[in-house]
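Visitor: The structure follows.
Values quoted throughout were computed directly from the atomic coordinates according to the rules given, and no laboratory measurement underlies them. Every value quoted in this text rests on a predicted model; they were computed, and no experiment measured them. All Cβ positions, even for glycine, are placed from backbone atoms using ideal geometry, and neighbour counts span all protein chains on display.
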Amino acid sequence: MSQTIKITVNGEIRAFQADMSVQGLLGALEIVGGKVAVERNRQIVPSSQHNTELLEDGDQIEIVHFIGGG
Amino acid sequence: MPSDSWTLAGQSYQSRLIVGTGKYKDFEETAKAVEASGAEIVTVAVRRINIASPGEPMLVDYLNPKKITYLPNTAGCFDADSAVRTLRLAREAGGWDLVKLEVLGDQKTLYPNMPDTFEAAEALIKDGFKVMVYCNDDPIAAKRLEDMGCVAIMPLGAPIGSGLGIQNPVQIRLIIEQANVPVLVDAGVGTASDAAQAMELGCDGVLMNTAIAEAKDPIGMAKAMNYATKAGRLAYLSGRMPKRLYADPSSPLAGLI
């Protein structure tokens, strides 16, 4: 069995396989396209680094997008 | 009406009405209201994606950010740190540096938290953002925000979502007279005459959400706001007649039988 890591995504703890990139996470969550931003441990991960930035156990991830607002 | 554009952070816009995209029944209604309003700029909020149902429709599917300027806001932020964090995420997600900063003071009034507004504005401007700032109606605070480098000053006319209309025309006018950047009334508009009043005071524009979204017919109200903003602007440019205490007949007195 492959190693898993636990990360918190938008306040929810989830298990993923180790060595997953930010891009991999977005894919696993079925977040494709659209305008989103990812923050890892309070640091923005620029989209140019989504493929190379690997997640680690205990990471705090925020994935945001635009919604209606005043 | 001849072209009467205004310039915001180096960009020229025809419409002086900025509308929010919150509180609508669905995205379809949002898109129709925005279209009816004639707005070229819409405010949007930044929130977590619902990871439980990723396929949900998105605002960007209904309002094309290539055709309409998205103005990310910091609604719901009560301190400088969270406001700055939110707008950095917005810039990453959208690639836009024109933003609406609003740091709120308390839940009950949603009045601006001015100390944190100054702090956040400073950090954002230093970081290259073009900041449109929601603020109180104090001309001294407004001047300071302009001097710091904010690209638009946006005092409230009444509490957010209250629909009370412009409660502070004197303060708004004082802010307009001293400003060298656009001034917009942001918050408090309830109906079309309020939008017209903001423009008659000499505002460069007016920003609203609830007045349209909570109308019985939001599309109709969006259209009314579109007209009212234009009417108010034209009245301002045309120069209203002076007020008098007593009557002045409209028909000539000469030739009376």
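Visitor: Cα axis of helix B:218-238 to longest principal axis of chain B: angle in degrees, 0 to 90, nearest 10?
Guide: Around 50 degrees separate the two axes.
Visitor: So, one more: Of B:100/B:130; B:130/B:230; B:25/B:223; A:6/A:35, which sit over 19 Å apart, Cα to Cα?
Guide: Pairs exceeding 19 Å: B:130/B:230; A:6/A:35.
Visitor: Same structure again: Which percent of Cα pairs goes in each bin when the distances of region B:1-60 are cut into 5 angstrom slices starting at zero?
Guide: 4, 14, 21, 20, 16, 11, 7, 4, 2, 1, 0
Visitor: So, one more: Region B:215-246 to region B:121-176: how many Å between their Cα centroids?
Guide: Between the Cα centre of region B:215-246 and that of region B:121-176, the gap is 22 Å.
Visitor: Something else now. Could you state the orientation-averaged shadow area of the convex hull built on the Cα atoms of region B:47-183, in nm² to one decimal?
Guide: Averaged projected hull area, Cα only: 9.4 nm².
Visitor: Also, quick follow-up: Just from the alpha-carbon atoms, what are the Rg and Dmax of chain B in angstroms?
Guide: Both quantities, over Cα of chain B: 19.4, 83 Å.
Visitor: What number do you get for chain A when its Cα radius of gyration is normalised by 2.2 N^0.38 Å, N = residues?
Guide: Dividing the Cα Rg of chain A by 2.2 N^0.38 Å gives 1.10.
Visitor: Over all directions, what mean area does the Cα convex hull of the protein assembly as shown project, stated in square nanometres?
Guide: Orientation-averaged projected area of the Cα hull: 20.7 nm².
Visitor: Follow-up question, since we're still on this one. For region B:1-111, go through all pairs of different Cα atoms, get the mean of 1/r, take its inverse, and jot down that Kirkwood value in Å. Walk me through the numbers on the way to the answer.
Guide: Values: mean 1/r = 0.0647 Å⁻¹.
By the Kirkwood definition, the hydrodynamic radius is 15.5 Å.
Visitor: Given R₀ = 22 Å, what would the calculated FRET efficiency be for residue B:11 paired with residue B:237, taking r from the Cβ atoms and rounding to 0.05?
Guide: Between residue B:11 and residue B:237 the formula returns 0.55.
Visitor: Can you pull out the trypsin sites (Lys or Arg not before Pro) in chain A whose DSSP state is coil and whose Cβ has at most 15 other Cβ atoms within 10 Å?
Guide: Passing both the DSSP loop test and the Cβ count: A:42.
Visitor: Give me the one-decimal Kirkwood hydrodynamic radius in Å for region B:51-93, with the sum taken over alpha-carbon pairs.
Guide: So the Kirkwood estimate lands at 12.3 Å.
Visitor: Also: DSSP loop chymotrypsin sites (Phe, Trp or Tyr not before Pro) in region B:1-84 with at most 14 other Cβ atoms within 10 Å of their Cβ, which ones?
Guide: Passing both the DSSP loop test and the Cβ count: no residue.
Visitor: Further, regarding this structure: If you take the alpha carbon radius of gyration of region B:68-129 and divide it by 2.2 N^0.38 Å, what ratio comes out, to two decimals? Could the numbers behind the result be given before it?
Guide: Working: Rg = 11.2 Å, N = 62, 2.2 N^0.38 = 10.6 Å.
Relative to the rule-of-thumb radius for its length, region B:68-129 sits at 1.06.
Visitor: If you don't mind, there's one more thing I want to ask. Taking the square root of 5 times each eigenvalue of the Cα gyration tensor, what semi-axes in Å does the equivalent ellipsoid of region B:186-248 have, largest first?
Guide: 25, 12, 10
Visitor: What is the mean number of Cβ atoms from other protein chains located within 10 Å of the Cβ atom of each residue in peptide B:83-91, rounded to a whole number?
Guide: 3
Visitor: Still on this structure: Let me check against my output: what whole-number percent is the relative contact order of chain B, with C-alpha pairs under 8 Å and at least 6 apart?
Guide: With pairs under 8 Å counted, the relative contact order is 18 percent.
Visitor: Dividing the convex hull volume of the alpha carbon atoms of region B:109-234 by its residue count, what do you get in Å³ per residue?
Guide: 98
Visitor: Which angle between 0 and 90 degrees, to the nearest 10, do you get for helix B:169-178 versus the longest principal axis of chain B when only C-alpha atoms count?
Guide: It works out to around 80 degrees.
Visitor: Angle between the Cα long axis of helix B:114-126 and the longest principal axis of chain B, 0 to 90 degrees, nearest 10?
Guide: The angle comes out near 70 degrees.
Visitor: Can you give me the Cα centroid spacing of region B:17-34 and region B:56-95 in angstrom?
Guide: Using only Cα atoms, the two centres lie 15 Å from each other.
Visitor: Within region B:1-108, report the trypsin sites (Lys or Arg not before Pro) that DSSP leaves as loop and that have at most 14 other Cβ atoms within 10 Å.
Guide: Loop-located and lightly packed - B:25, B:66, B:67, B:108.
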